[in-house]
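J.: Sharing a structure here in structure tokens format.
The values are calculated or read from the model by the stated rules, or taken from the named source; none is laboratory data. Everything numeric here is computed off the predicted structure, so don't read it as measured data. Counting neighbours? That spans all protein chains shown, and the Cβs are built from the backbone with ideal geometry, glycine included. Note: areas computed on protein heavy atoms with side chains; ligands, DNA, RNA excluded. Shrake-Rupley method; radii C 1.70, N 1.55, O 1.52, S 1.80 Å.
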Amino acid sequence: MAESMSVKDLNLYYGDHQALKDITLDMPAGKVTAFIGPSGCGKSTLLRCLNRMNDRIEGCRVEGTVKLGDTDVYENYDVYELRRRVGMVFQKPNPFPLSIYDNVAYGPRHHGKPSKAELDQIVETTLTDVGLWDEVKDKLDHSGLSLSGGQAQRLCIARALAVNPGVLLMDEPTSALDPISTGLVEELAVKVAKEHTVIIVTHNMQQATRISTKCAFFYLGELVEAAPTAQLFSTPKDKRTEDYLTGRFG
Amino acid sequence: MTAIGEKTVSNKSESTAEVVGVSPKRGIERRGQIITGLCVTLVVVLVVTLIFMVCSRGLATFTKDGIPLGSFFGGTTWNPHQNGADGVPLVGALPMIVGSFSVTLLSCLIALPFALGASIFVVEIAPGFGSKIFRPLTEVLVGIPSVVFGLVGLGIIVPWMRGLVGGTGYGILSASIVLAFMILPTITSLSTDALAAVPNSYRDGSYGLGCTRWQTIVGVVLPSALPGILTAIIMGMSRAFGEALAVQMVIGNAAQMPQGLFTPASTLTSVLTMGMGNEAMGTLPNDVLWALAMVLLIMSLVFILIVHLIGRKGAAKND
């Protein structure tokens, strides 16, 4: 079940340095929301607030509210349950050095005691969903590290989907991939968003226009502008957005 | 003189306009190659002659002195100066082989849980403490001479054993405990390295799926570090297997088949250090000691071989 997320008056500090300033943003359920902006603008940092991966960074302090549905994720959520419901795909494909099967079964195994038959079912369904089943069904016992970059990233997406999260965070998931693999991952993001809200960070503006319905532009830790993607790209309200989109900086 | 000679040569070649003034550099190149090449040759020659010497002396037991392999590896009585009922000298090495393997395995078994626990703590739980205090500390421990461990064993563990189970207090368990102390820093330090080498992206992946720290450690970190941890264990075993002095001080040095953990026994190394000074070169009692040394040497080669096999498998796995 796709869930919505929202951020209100969010400020984030690394020690004394303020990395995010007064961010307020809604990310609608069942859609793809894209974060764009130049390097160091805080878009990945915001993404990592949504499933509290920033908790692991020493000296990182968050003020304001982040909600999953109607529930505050910093106040009312067990962090492990939150991360099960808000999955994450990373910039560099990071399959575990385990078999392809165990990679997908990893999450379900740690969130309950599924039977072998249930696991087999989950593995087949999720690998089919990411379009990897036909490529790997005869070598499920091979190491996840034996896959190519694009396959590995789709395996990581399958691994995240196997625990059926309401939201899937993607942190520049195609920046290490070739154009064909990038295309496959983009199609996949659009496809899975119906069941698992997708929030994607990207450097690539074309990618944002291709797949997202809502787009947020960040600059120097501020949310400059957020709007439906078509509107943001055709009639940006802020001068900085326009300059970035037309390639005057970035 | 040479420099001048070389200069003349280079001037000559300049005049023929083929090679311009490179001779001095080329000379340095060649000298460098020769010097480093000689060093390599020296090391290789040393290793080869060492192996050759130990093996030729050791094999003399079987070729020159005519001891059947069976009565050396299978015999349980060690008394090279006497002949058995069948006229063959009593050179059964089985008690020492069993003794060596028991103290090695037992000491590893004792040390491993502590080493693994400590390295998990300093890598996964308190990395700051680990890198600033714990790692330098283990490095110091690695460097402590074995005689110190032997003394501690003699002064504390042997009396403690005596009080606990009676008898002399010398024996396989005492030796294993002393060895466990000795190899603990080796295994800890190597398995710490192995855990620290696990890429953070694996941890991110696991935490990102909502796993706890322990689930992450057991599910991803330990499996990824397994080749390194196995290497750490083998290095510890090889150190325990080859240790002579500390073991000799606490094992009791009775060249008999080990009856239990608490009775005096002996190992290949302890018999070697006790006996080597007392036997004349070229006699049978001396030759069988060389045969023991050969067994030791082969075992350490096997340990190294295992480490390499693991390393290759681990490298292939992480590609």
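J.: Hey, what angle do you get for helix A:116-129 against the long axis of chain A, alpha-carbon based, 0 to 90 degrees rounded to 10?
T.: That works out to roughly 50 degrees.
J.: Still on this model: Give the ranking of B:Thr76, A:Thr126 by solvent-accessible surface, highest area first, calculated with a 1.4 Å probe.
T.: Details: B:Thr76 70, A:Thr126 15 Å².
So, going from the largest accessible area down, we get B:Thr76, A:Thr126.
J.: Moving to a separate point now. Roughly how many Å² of A:Arg56 are accessible to a 1.4 Å probe, to the nearest 10?
T.: My reading of the accessible area for A:Arg56 is about 100 Å².
J.: Oh, and also: Which value, in debye to the nearest 20, gives the size of the charge dipole of the protein assembly as shown about its Cα centre, when Lys and Arg are +1 and Asp and Glu are -1 at the Cβ? Spell out each step's value before the answer.
T.: Details: 45 positive and 47 negative charges, 150 e Å.
So the magnitude is around 720 debye.
J.: Before we go on, tell me the buried accessible area for the B/A pair, both chains summed, 1.4 Å probe, in Å² to the nearest 100.
T.: On the way: alone 17290 and 11620 Å², together 27110 Å².
In total, this chain pair buries about 1800 Å².
J.: Give me the compactness ratio for the stretch B:125-182, meaning the Cα radius of gyration over 2.2 N^0.38 Å. Before the final figure, lay out each step's value.
T.: Values: Rg = 15.1 Å, N = 58, 2.2 N^0.38 = 10.3 Å.
Ratio of Cα Rg to 2.2 N^0.38 Å: 1.47.
J.: Could I ask something else about it? Would you mind telling me the share, in percent, of accessible area of the stretch B:91-318 contributed by carbon and sulfur at probe 1.4 angstrom? Let's see the in-between values first.
T.: On the way: 6980 of 9480 Å².
With neighbouring chains kept in place, the figure for the stretch B:91-318 is 74 percent.
J.: In vacuo Debye scattering of the protein assembly as shown, one point per C-alpha: log10 I(q)/I(0) at q = 0.07, 0.13 Å⁻¹?
T.: Treating every Cα as an identical point scatterer, log10 I(q)/I(0) equals -0.66, -1.18.
J.: Okay, moving on. Counting only protein heavy atoms, probe 1.4 Å: which residues of the stretch A:130-153 lose 20 Å² or more of accessible surface in the full assembly compared with their chain by itself?
T.: Buried on complex formation: A:Leu145.
J.: Starting from the eigenvalues of the Cα gyration tensor, five times each then square-rooted, give me the equivalent ellipsoid semi-axes of the stretch A:1-160, largest first, whole Å. Show your work: numbers first, answer last.
T.: Details: eigenvalues 208, 61, 43 Å².
After diagonalising the Cα gyration tensor, the semi-axes are 32, 17, 15 Å.
J.: What does the net charge come to around B:Gln33 if you take all other residues with beta carbon closer than 15 Å to its beta carbon, with K and R at +1 and D and E at -1? Don't jump to the answer; show the numbers that get you there.
T.: On the way: positive: B:Lys25, B:Arg26, B:Arg30, B:Arg31; negative: B:Glu29.
Taking every other residue near B:Gln33 into account, the sum is +3.
J.: Let me ask you something else. Starting from the amide H of A:Met88, placed 1.01 Å from N in the peptide plane, find each other amide H under 5 Å away whose residue is 5 or more places distant or on another chain.
T.: Distant-sequence amide H within range of A:Met88: A:Leu169.
J.: Rounded, prolate or oblate: pick one for the stretch B:12-127, where a ≥ b ≥ c are the square roots of the eigenvalues of its C-alpha gyration tensor, a/c under 1.5 means rounded, and failing that, prolate if a/b is larger than b/c, else oblate.
T.: Working: a/c = 7.70, a/b = 1.61, b/c = 4.80.
Taking the square roots of the gyration eigenvalues as a ≥ b ≥ c, the stretch B:12-127 is oblate.
J.: Treating only the Cβ of Lys, Arg, Asp and Glu as charged (+1, +1, -1, -1), what charge dipole size does the stretch A:78-191 show about its Cα centre? Round to the nearest 20 debye.
T.: Working: 12 positive and 16 negative charges, 72 e Å.
Charge dipole, the stretch A:78-191, about its Cα centre: 340 debye, nearest 20.
J.: Residues with amide H under 5 Å of A:Ser99's amide H, sequence separation 5 or more or different chain, H placed in the peptide plane at 1.01 Å from N; which?
T.: Sorted by chain and number, the residues that satisfy this are A:Gly144.
J.: Once you have a ≥ b ≥ c as the square roots of the Cα gyration tensor eigenvalues for the stretch B:57-203, tell me rounded if a/c is under 1.5, and otherwise prolate or oblate according to whether a/b is larger than b/c. Don't skip to the end; give the middle numbers.
T.: Details: a/c = 3.29, a/b = 2.01, b/c = 1.63.
Here the stretch B:57-203 falls in the prolate category.
J.: At a probe size of 1.4 Å, how large is the accessible area of B:Phe241, to the nearest 10 Å²?
T.: Approximately 10 Å² of B:Phe241 is accessible to the 1.4 Å probe.
J.: For the stretch A:1-56 and the stretch B:186-211, compute the distance between their C-alpha centroids and round to whole Å.
T.: With the stretch A:1-56 and the stretch B:186-211 each reduced to a Cα centre, they are spaced 27 Å.
J.: Report, to the nearest whole %, how much of the accessible area of chain A belongs to carbon and sulfur atoms, 1.4 Å probe, protein only. Walk me through the numbers before you get to the answer.
T.: Working: 5240 of 10740 Å².
Result for chain A: 49 percent of the exposed heavy-atom area is carbon or sulfur.
J.: For a quick check of understanding: with a 1.4 angstrom probe and all protein chains in place, what accessible area in square angstrom does B:Ile97 have, to the nearest ten?
T.: Approximately 30 Å² of B:Ile97 is accessible to the 1.4 Å probe.
J.: Of A:Ala160, A:Ala105, A:Asn94, whose Cα points farthest to the positive end of the dipole of chain A (charges on the beta-carbon: +1 Lys, Arg; -1 Asp, Glu; origin at the Cα centre)?
T.: Of the candidates, A:Asn94 comes out farthest on the positive side.
J.: Now a separate question. Hey, got the dipole for the stretch A:5-245? About the Cα centre, +1 on K and R Cβ, -1 on D and E Cβ, debye to the nearest 20? Before the final figure, lay out the partial values.
T.: Numbers: 27 positive and 32 negative charges, 13 e Å.
Dipole magnitude for the stretch A:5-245 comes out near 60 debye.
J.: From the phi of every residue in the stretch A:67-83, what ³J(HN,Hα) in whole Hz does the Karplus formula 6.51 cos²θ - 1.76 cosθ + 1.60 yield, where θ is phi - 60° and glycine or proline is x?
T.: Rounded to whole hertz, the list is 10, 10, x, 10, 10, 6, 6, 8, 8, 10, 10, 5, 4, 6, 5, 4, 5.
J.: Continuing with the same structure: Taking the square root of 5 times each eigenvalue of the Cα gyration tensor, what semi-axes in Å does the equivalent ellipsoid of the stretch A:194-250 have, largest first? Could you put the intermediate results ahead of the total?
T.: Details: eigenvalues 75, 28, 24 Å².
Ellipsoid half-lengths, sorted descending, are 19, 12, 11 Å.
J.: Looking at chain B, do any whole DSSP H helices span at least 20 angstrom along their long axis by alpha carbon and average -0.5 or above on Kyte-Doolittle, and which?
T.: Helices meeting the span and hydropathy rule in chain B are B:23-63, B:94-120, B:172-196, B:222-242, B:284-318.
J.: Then there's this: Rank A:Val32, B:Val123 by accessible area, highest first, at a 1.4 Å probe radius?
T.: Details: A:Val32 5, B:Val123 30 Å².
Highest to lowest solvent-accessible surface, that is B:Val123, A:Val32.
J.: Turning to a different aspect of this structure: If I fit a long axis through the Cα atoms of helix A:100-110 and take the longest principal axis of the Cα atoms of chain A, what angle between them do I get, 0 to 90°, rounded to 10?
T.: For A:100-110 against chain A, the angle is about 70 degrees.
J.: Order A:His203, A:His110 by their accessible area, 1.4 angstrom probe, all chains in place, largest first. Before the final figure, lay out each step's value.
T.: Details: A:His203 90, A:His110 50 Å².
Sorted by accessible area, descending: A:His203, A:His110.
J.: Among B:Leu292, B:Ile177, B:Leu190, pick out the residue whose Cα is farthest towards the positive end of the charge dipole of the stretch B:91-318, where Lys and Arg carry +1 and Asp and Glu carry -1 on C-beta, about the Cα centre.
T.: B:Leu190
J.: What number comes out for accessible area per residue over the protein assembly as shown if the probe is 1.4 Å? Units Å², please.
T.: Numbers: 27110 Å² over 569 residues.
Result: 48 Å² of accessible area for each residue.
J.: Count the DSSP beta bridges whose two residues both fall in the protein assembly as shown, then state the antiparallel fraction as a percent rounded to the nearest 5. Provide the component values of the computation, followed by the final result.
T.: Values: 27 of 46 bridges.
Antiparallel bridges: around 60 percent, rounded to the nearest 5.
J.: How big is the convex hull of the Cα atoms of chain B, per residue, in Å³? Display every interim value, and only then the final one.
T.: Working: hull volume 79.5 nm³, N = 319.
In chain B, the Cα convex hull volume per residue is 249 Å³.
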